[in-house]
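These notes are about the structure you will find just below.
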Amino acid sequence: MSVRLTRVIVLAAVLIASTGPRTWLKAQQTLSDLMTLAEQGHADAQAGLGFMYRNGFAVPQDEPEAVRWFRLAAEQGYAEAQSNLGFMYRNGFGVPQDEAEAVRWFRLAAEQGHADAQFNLGLGYDLDEGVEQDAAEAVRWFRLAAEQEHAAAQFNLGLRYDSGEGVEQDAAEAVQWLRLAADQGLTDAQHNLGVMYANGRGVPTDHVEAYIWFSLSAPPSSGLRDETVSLRNALAEQMTTEQILEAQRRARDWTPTPQP
């Protein structure tokens, strides 16, 4: 059975907050306390307020206000606020869309070791968004994030090893990175890992393993569901009843690796 590897880039510029507004509100009891801390220049409180205004948590949703608070924290060198400000610029939330400005903020956070920013900077280099396209540089930033267990970065790095874009082609290395992302529950990685097992690419052909990963990657919400179910059904025609039952049991028993 020969099936194609689906090249899907996860375009998930991630918006996060460091300690999170809920933690701050629990610790400080009131929103006014958090606001006071933010107005006094506490970067983590400013970043928390930005997150709250972006998502409408305990305050009316207000993207320009979110940008204002993210910027105040970002200008103090607070990496998560820098990453979030890059997210706002990339998507045009609360500010005019500006890919170059997004890259600038992602880079500042990425250079501090912020995994989401490293991933998003890699996407910029990969997709020619805000910076000149550079496959090798994309791989470099994907790797830095992937080494911090960033699932989307692990997935994209696996794809690069399979295709040889920006790195020497190595199917076995591709499988290793796809597996790390798949183990965290990333359905695109699970689908592609199933393809690798079905084709014997980077690993010995194993229909049971392929069936398991195809099953895991086919929830109703998956954009690859129809294709994955079709591949799994075709694979089942080459399997014994015992193999199918074993694969179904192992898929039911599977649990994701906790995300960092």
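General remarks:
- Residues that are touching a residue at least 40 places away in the same chain (Cβ under 8 Å) and farther than 17 Å from MET239 by Cβ within segment 197-217 comprise ARG201, GLY202, listed in sequence order.
- Hits in segment 126-140 (condition: more than 11 Å from VAL167 (Cα to Cα) and over 18 Å from the mean Cα position of the chain (by Cα)): ASP128, GLY130, VAL131, GLU132, GLN133, ASP134
- Going through (1) modelled with pLDDT of 95 or more; (2) assigned to a helix (DSSP H, G or I); (3) surrounded by 15 or more Cβ atoms within 10 Å (Cβ to Cβ) one by one, ARG249 falls short only on (3).
- Scanning segment 141-160 for residues that are more than 11 Å from the chain's Cα centre (by Cα), surrounded by 24 or more Cβ atoms within 10 Å (Cβ to Cβ) and either farther than 18 Å from HIS191 by Cβ or of a type in the set (Phe, Trp, Tyr) (or both) returns a single hit, TRP141.
- Given (1) closer than 23 Å to GLN148 by Cβ; (2) modelled with pLDDT of 95 or more; (3) assigned to a helix (DSSP H, G or I), index of the condition ASP188 fails: (2)
- Meets criteria (surrounded by 16 or more Cβ atoms within 10 Å (Cβ to Cβ) and over 14 Å from GLY124 (Cβ atoms)) for ALA74: yes
- THR255 being surrounded by fewer than 13 Cβ atoms within 10 Å (Cβ to Cβ) and either of a type in the set (Phe, Trp, Tyr) or under 16 Å from ALA151 (Cβ atoms) (or both): yes
- Test result for LEU121, farther than 26 Å from GLU65 by Cα and of a type outside the set (S, T, N, Q): no
Here's the yes/no breakdown for (1) within 26 Å of the chain's Cα centre (by Cα); (2) closer than 17 Å to ARG179 by Cα:
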position: ARG201; (1), (2): yes, yes
position: ALA218; (1), (2): yes, yes
position: SER221; (1), (2): yes, no
position: LEU231; (1), (2): yes, no
position: LEU245; (1), (2): no, no
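- Considering the conditions (1) over 20 Å from ARG104 (Cα atoms); (2) in a helix (DSSP H, G or I), PRO64 is excluded by exactly one of them, (1).
- Meets criteria (at pLDDT below 95, surrounded by 20 or more Cβ atoms within 10 Å (Cβ to Cβ), part of a helix (DSSP H, G or I) and among the aliphatic types (A, V, I, L, M)) for LEU231: yes
- Residue ID - surrounded by the fewest Cβ atoms within 10 Å (Cβ to Cβ), chosen from residues in segment 234-246 that are outside any loop (DSSP other than H, G, I, E, B) and among the hydrophobic types (A, V, I, L, M, F, W, C): LEU245
- Residue tally, condition within 21 Å of the chain's Cα centre (by Cα), under 17 Å from MET52 (Cα atoms) and either hydroxyl-bearing (Ser, Thr, Tyr) or in a loop (DSSP other than H, G, I, E, B) (or both), over segment 79-98: 2
The values are calculated or read from the model by the stated rules, or taken from the named source; none is laboratory data. Here the structure is a predicted model, which means the values were calculated and not measured. All Cβ positions, even for glycine, are placed from backbone atoms using ideal geometry, and neighbour counts span all protein chains on display.
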